[in-house]
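Here the structure comes first, spelled out in structure tokens, and everything after it is commentary.
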Amino acid sequence: QARLDESGGGLVQDGGSLTLSCAASGGPFSNYFMGWFRQPPGKDREFVAVISWSSTWTHYSDSVEGRFTISRGNDKKTVYLQMNSLNPEDTAVYYCAAGPGYGQYTVWGQGTQVTVSS
């Protein structure tokens, strides 16, 4: 069964950096877009970033633009989220997602907690 597994979450100080990883397994994932979402405490899940299969196209939410960088490994089945200049508003459960098209996510990870202390 296709699955995604996130890792790299944890506690970081205000202004710090953290890198999340997502490993895809159990499926081909060929030509899949992969992205990151997050759900802050008491709020709805929101889009963070997405990257195309070829890694030639990326898109970010306004709230993370310029601070976060999404990338894929050479095998296209790993995706990373480099997070810089973190602030408490970035505290959330971060989810990795994959799908055959932009905005069409069919596989989701279980999430990894990121907590930014002030």
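The values are calculated or read from the model by the stated rules, or taken from the named source; none is laboratory data. If you're wondering where the values come from, they're calculated on a predicted model, not measured in any experiment. Neighbour counts run over all protein chains shown; Cβ positions are idealised from the backbone, glycine included. These area figures cover heavy atoms from the full protein model, side chains too; ligands, DNA and RNA do not enter into them. Shrake-Rupley method; radii C 1.70, N 1.55, O 1.52, S 1.80 Å.
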> Using beta carbons and a limit of 8 Å, which pairs, at least six apart or on different chains, have the first residue in the stretch 74-95 and among the acidic types (Asp, Glu) and the second one surrounded by fewer than 18 Cβ atoms within 10 Å (Cβ to Cβ) and at pLDDT 95 or above?
Replying inline: GLU89/PRO40; GLU89/SER63
> What pairs come up if the first residue lies in the stretch 48-69 and is at negative phi, the second is assigned to a loop (DSSP other than H, G, I, E, B) and surrounded by 11 or more Cβ atoms within 10 Å (Cβ to Cβ), and their beta carbons are under 6 Å apart, counting only those six or more places apart or on different chains?
Replying inline: VAL48/SER61; VAL48/VAL64; TRP53/ASN31; ARG67/ASN84; ARG67/SER85
>> Here's a check for you: in the stretch 45-59, which residue that is of a type in the set (A, V, I, L, M, F, W, C) and open to solvent by less than 80 Å² (accessible area, probe 1.4 Å) is modelled with the lowest pLDDT?
In response: TRP53
> Which of the strands (runs of 3 or more DSSP E) contained wholly in the stretch 1-74 include at least 2 residues that are of a type in the set (Val, Ile, Thr)?
Replying inline: 46-51, 68-72
>> Regarding the stretch 30-43, can at least one residue be identified that is at pLDDT 95 or above and out of contact with any strand residue (DSSP E or B) (no Cβ under 9 Å at 6 or more places or on another chain)?
In response: yes
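For (1) surrounded by fewer than 17 Cβ atoms within 10 Å (Cβ to Cβ); (2) of a type in the set (Ser, Thr, Tyr), each residue gets a yes or a no:
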| site | (1), (2) |
| --- | --- |
| LYS43 | yes, no |
| SER61 | yes, yes |
| GLY66 | yes, no |
| ILE70 | no, no |
| MET83 | no, no |
| VAL93 | no, no |
